[in-house]
Amino acid sequence: MEIQKLLNNELNHLRDELLNLKKCQITFFTLSISATALLLSIAFKFDDKGTLSIPPHLQILLSLSPLLILLPCWWIIFDKASTITRIVGYYRVIESSLTNNLDVPIRYIGWENALKEFRQKQNTLPISDYTTPKCKRSIKKLFFSLKTAHRFWVIIWWTYFILSFLCIIIAVMLLLCVHKHEAKEMVCGNMFIDYIDNIIIISGFVIFVWSAYVTSMMVCRLVYGRYSYNANEKIWIELLKAIAN
């Protein structure tokens, strides 16, 4: 009876933690959009005469500055998502054990101890058995048709992709306008500043492409692969069963 009470308290605690993680995702998402809108509005601020009050090269930097917030938040949101699926997998196992819907006996050792074992053994467990081939062949379907029960993750991914790409496109267009203006006015621009602008834009683009690729793989694994709800549930069963033995 004492174990039963402990289990119920732990499930309630995990439910609260899941809620906090989801709120954290929404907070990061809202922060990203708000900060991007604010920084871009500053970059294109007009004075009383109707002309841009920000120097062109500073405009370029301000147009890229949202990436400092967008890219880290992009990674953090999907890292939180993998934490959510791990907790849900454990929650399912304990819940099924309480309702006698689990085929294999498990030993309850508490969430923190179980999580410690999970982190120690997650790389030695047969994860490949739970990574379906769909993860490789269904990327197009996942990202372009939205025919998935996990539309939230896909929509979040596309939002970050579009906002980040927009910031880079704006910066490139501004740089081209600066060069065009200098050529038209026959003015020799500051080559050092132009060089810095080019380096920053190229670096931002490379980091953007890398982030888009890595997070897209995370989304695919969250839906089909090793980070999915079902995969985590199977891993927890295997892990807790191994502990019981």
Within the range 120-132, is even one residue at pLDDT 70 or above, in a loop (DSSP other than H, G, I, E, B), at negative phi and surrounded by 14 or more Cβ atoms within 10 Å (Cβ to Cβ)? no
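The rows are residues; the columns are (1) surrounded by fewer than 11 Cβ atoms within 10 Å (Cβ to Cβ); (2) touching a strand residue (DSSP E or B) at 6+ places or on another chain (Cβ under 6 Å); (3) modelled with pLDDT of 90 or more.
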position	(1), (2), (3)
Met1	yes, no, no
Leu18	no, no, yes
Phe28	no, no, yes
Ala35	no, no, yes
Asp47	yes, no, no
His57	no, no, no
Ser65	no, no, yes
Pro72	no, no, yes
Ile77	no, no, yes
Could you say whether any residue in the range 205-214 is more than 18 Å from His150 (Cα to Cα), polar (S, T, N, Q) and within 16 Å of the chain's Cα centre (by Cα)? yes
Please go through (1) under 17 Å from Ile237 (Cβ atoms); (2) at pLDDT 90 or above for Ile94 and return the number of the only condition it doesn't satisfy. (2)
Hey, among the residues in the range 97-119 that are acidic (Asp, Glu) and loosely packed, with under 11 Cβ neighbours inside 10 Å, which one's modelled with the highest pLDDT? Glu112
Selection over the range 174-191 where residues are exposed (fewer than 12 other Cβ atoms within 10 Å of the Cβ) and at pLDDT 70 or above yields a count of 1
May I ask you to list the residues in the range 16-36 that are free of Cβ contacts under 8 Å to residues at least 12 places away in the same chain and either outside any helix (DSSP H, G or I) or β-branched (Val, Ile, Thr) (or both)? Ile26, Thr27, Thr30
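The values are calculated or read from the model by the stated rules, or taken from the named source; none is laboratory data. No experiment lies behind these values; they were computed from the predicted model shown. Here the Cβ is made from the backbone with ideal geometry for all residues, glycine too, and neighbour counts use every protein chain on show.
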